[in-house]
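The values are calculated or read from the model by the stated rules, or taken from the named source; none is laboratory data. Values in this document were obtained by computation on a predicted structure and should not be read as measured data. Heads up, the Cβs are rebuilt from the backbone with ideal geometry, glycines too, and the neighbour counts pull from every protein chain shown.
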Amino acid sequence: MSTILVTGGTGNLGGQVVTRLRDAGHEVRVLSRHAPDHPVDLRDGKGLDAAMAGAEVVVHCASSPRGGDEAAAERLIDAARRAGTVGNLVYISIVGVDVVPFGYYESKRKVEQLLEASGLGVTILRTTQFHDLVAQVVGMAARLPLVPLPAGVRVQPIAVEEVADRLAELAVPTPSGRVPDMGGPQIRTLQELGRAYLSATGRRRRVVPLPLWGKAYAGFRRGGNLTPSHSSGHVTFAEYLAGRGR
Ligand SMILES: NC(=O)c1ccc[n+]([C@@H]2O[C@H](COP(=O)([O-])OP(=O)(O)OC[C@H]3O[C@@H](n4cnc5c(N)ncnc54)[C@H](OP(=O)(O)O)[C@@H]3O)[C@@H](O)[C@H]2O)c1
């Protein structure tokens with residue numbers, strides 16, 4: 001049994017990691033701004049040392065696309081050094097953070113670099129987009145009479161449960177470094193996924209390809225967000241949608 005701190009343990013992925021680790025008998029501490037036990041904002045770090053004391057493993061799932069992830073990672077690394085007990089700091093990253101020049105991805109790449117240079121034992125897993133995120137994106141577009149989705153962009157969505165299984169497996173005191181990427185079982189265009197979403201939610205709308213511009217869009221169009229050689233996830237987007245309806 002280990003003492004494990006899960007940052008972002010109240011989030012979609014973090015919550016599922018917490019459940020798995022507790023079920024396996026570990027002592028798990030949940031940290032986030034709104035967590036009841038360890039309400040810590042990683043951007044200022046107040047209360048972080050108490051949450052970290054004696055932790056052997058940290059699973060870092062906390063993140064905000066609005067910014068602040070690099071400052072948060074610096075605080076986390078400093079606290080882990082001070083604690084002196086952390087053998088493995090496990091980080092969840094995204095496939096393509098090094099090749100798609102999208103602001104959020106660039107900050108996740110910087111966090112990877114901070115961890116790699118920290119001298120601490122680290123494990124880094126990059127995965128593709130979760131089904132929930134894709135459903136959220138196409139769901140927002142599906143509110144419109146014509147459903148506009150970026151043209152030429154393919155995604156390889158994966159079930160968050162499968163990512164949580166893998167993170168729980170990696171959350172041991174011995175670090176693994178950068179581990180193989182993990183992607184979903186199928187690569188589909190956003191238009192195809194949009195049509196699957198519309199059909200699963202019983203709506204009849206036309207999906208229209210929306211051409212965009214800019215470096216980030218070009219990076220997605222080139223498929224930088226895909227990992228065809230690591231399609232280790234099993235649950236397809238259609239299966240995810242069918243499960244949501246139950
Ligand atoms: N969603 C995807 O498709 C996807 C794909 C690959 C990798 N990932 C990565 O997986 C991780 C989790 O994603 P998710 O979709 O589960 O996100 P989520 O549901 O939005 O969860 C984010 C978590 O971070 C916490 N948090 C945010 N800012 C914080 C701060 N300043 N200090 C402390 N806690 C903070 C949030 O809780 P509070 O609001 O209570 O602070 C929440 O628990 C992220 O690193 C993300 O980049 C996501």
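R20 is checked against (1) among the charged types (D, E, K, R); (2) in contact with a Leu (Cβ under 6 Å, 6 or more places away or on another chain); (3) touching a residue at least 60 places away in the same chain (Cβ under 8 Å) and fails just one. What number does that condition carry?
Among (1) among the charged types (D, E, K, R); (2) in contact with a Leu (Cβ under 6 Å, 6 or more places away or on another chain); (3) touching a residue at least 60 places away in the same chain (Cβ under 8 Å), the lone unmet condition for R20 is (2).
Of the conditions (1) touching a residue at least 24 places away in the same chain (Cβ under 8 Å); (2) surrounded by 17 or more Cβ atoms within 10 Å (Cβ to Cβ), V99 clears all except one; give me its number.
Answer for V99: the failing condition is (2).
Provide a single number: the residues in the stretch 107-142 that are on the phi > 0 side of the Ramachandran plot and of a type in the set (D, E, K, R).
0
Restricting to the stretch 194-222, give me the number of residues that are under 22 Å from Y105 (Cα atoms) and either crowded, with 19+ Cβ neighbours inside 10 Å or among the aromatic types (F, W, Y) (or both).
3
Considering each residue of the stretch 220-231, count those that are under 12 Å from I187 (Cα atoms) and either in contact (Cβ under 8 Å) with a residue 40 or more places away in the chain or touching a Lys or Arg at 6+ places or on another chain (Cβ under 9 Å) (or both), and give that number.
So the count comes out to 7.
Within the group V147, V134, V172, which residue is among the β-branched types (V, I, T), within 18 Å of the chain's Cα centre (by Cα) and either assigned to a loop (DSSP other than H, G, I, E, B) or modelled with pLDDT of 95 or more (or both)?
V134
Tally up the residues in the stretch 130-161 that are farther than 26 Å from I77 by Cβ and either surrounded by 20 or more Cβ atoms within 10 Å (Cβ to Cβ) or aliphatic (A, V, I, L, M) (or both), please.
Let us first name the residues in the stretch 130-161 that are farther than 26 Å from I77 by Cβ, namely 131-159, 161.
If we keep only those that are either surrounded by 20 or more Cβ atoms within 10 Å (Cβ to Cβ) or aliphatic (A, V, I, L, M) (or both) as well, we get 131, 133-135, 137-138, 140-142, 144, 146-147, 149, 151, 153, 155-159.
Final tally of qualifying residues: 20.
Got at least one residue in the stretch 143-164 being under 17 Å from L5 (Cα atoms) and touching a residue at least 24 places away in the same chain (Cβ under 8 Å)?
The answer is yes, given that some residue of the stretch 143-164 is under 17 Å from L5 (Cα atoms) and touching a residue at least 24 places away in the same chain (Cβ under 8 Å).
Tell me which residues, restricted to the stretch 176-185, are surrounded by fewer than 18 Cβ atoms within 10 Å (Cβ to Cβ) and in a loop (DSSP other than H, G, I, E, B).
Residues of the stretch 176-185 that are surrounded by fewer than 18 Cβ atoms within 10 Å (Cβ to Cβ), as a first pass: 176-180, 185.
Correct list: S176, V179, P180, P185.
For the stretch 32-56, enumerate the residues that are touching a residue at least 12 places away in the same chain (Cβ under 8 Å), more than 9 Å from the ligand (Cβ to nearest atom) and in contact with a Pro (Cβ under 8 Å, 6 or more places away or on another chain).
Across the stretch 32-56, the qualifying residue is only E56.
Given R195, R204, which one is out of contact with any His (no Cβ under 6 Å at 6 or more places or on another chain), on the phi < 0 side of the Ramachandran plot and in a loop (DSSP other than H, G, I, E, B)?
On the way: R195 fails: in a loop (DSSP other than H, G, I, E, B).
Result of the check over R195, R204: R204.
Do you know which of the residues in the stretch 102-129 that are more than 10 Å from the ligand (Cβ to nearest atom) and in a loop (DSSP other than H, G, I, E, B) is surrounded by the most Cβ atoms within 10 Å (Cβ to Cβ)?
Top of the filtered list is F102.
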